[in-house]
Each structure stands twice: as structure tokens, then as C-alpha cells.
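See below for the structure under consideration.
The values are calculated or read from the model by the stated rules, or taken from the named source; none is laboratory data. Since this is a predicted model, take the numbers as computed values, not measurements. Quick reminder, even Gly has a Cβ in these numbers, built from the backbone with ideal geometry, and neighbours come from all protein chains shown.
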Amino acid sequence: MYPSLVEPTIKVIMKQQLDVCNNNKFQKNSIILNVIIGALIMFVISIILYVQYKGKQDIQLVKEKERKKKEYILSKISNYQKMKNKNLIK
């Protein structure tokens, strides 16, 4: 027989307490990890949706923009023709 510094019942109690502490720590870490991963997934999805829909414009706005482009081009053409006619007349 070897001398024992700790009684066997104390070893069992300590093992049970350490198992409980380990389970509590695992649950706490799991919750923290799940929250972080959930937030990361939501962040990625929101960035994808933002990038996808930020370029979308209202149909009316697109038509108005195209009309302004046409007016600008036509005004430049008419100005060019007027300048050309003035130069020919002189």
C-alpha cells in the first residue's frame, strides 16, 4: 500500500466539479461563438444586398436622365451647326 495524500472521495468530487466547470465553459464559449458567427453572416448578407441594390434606380429617374442626355447632345449639335453657319456666311 502506498500512502495517499488525497482521499478517493475527494478525487471523485473534484473530478465531478471539474466536469461541471468544463461543461459550463464549453456552453459559454459555444454561445459566444454562435453569436459572433451569426453577426458575421448577417454582416456579409447585408453587404451583398447593399451592393446588389445600390445601383438600382427608379425607371422614371432613368428615363429622365436619358432625356437630359439627349437634350444635351442635341443642344451641342445645334450650337455646332449655328457656329458652322455663321462661319460660312461671313
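A single entry from Ser46, Ser30, Ser75 fulfils the requirement of being of a type in the set (S, T, N, Q), in a helix (DSSP H, G or I) and over 43 Å from the mean Cα position of the chain (by Cα): Ser75. Consider the range 1-34 and keep the residues that are of a type in the set (S, T, N, Q) and surrounded by fewer than 10 Cβ atoms within 10 Å (Cβ to Cβ). The one that is modelled with the highest pLDDT is Thr9. Here is a check on your reading of the model: is Glu64 more than 34 Å from the chain's Cα centre (by Cα) and acidic (Asp, Glu)? Here the answer is no, as Glu64 does not meet what is asked. With respect to the conditions (1) modelled with pLDDT of 95 or more; (2) basic (Lys, Arg); (3) assigned to a loop (DSSP other than H, G, I, E, B), Lys68 lacks only one, and its number is (3). Scanning the range 43-82 for residues that are hydrophobic (A, V, I, L, M, F, W, C) and surrounded by 10 or more Cβ atoms within 10 Å (Cβ to Cβ) gives Phe43, Val44, Ile45, Ile47, Ile48, Leu49, Val62, Ile73, Leu74, Ile77.
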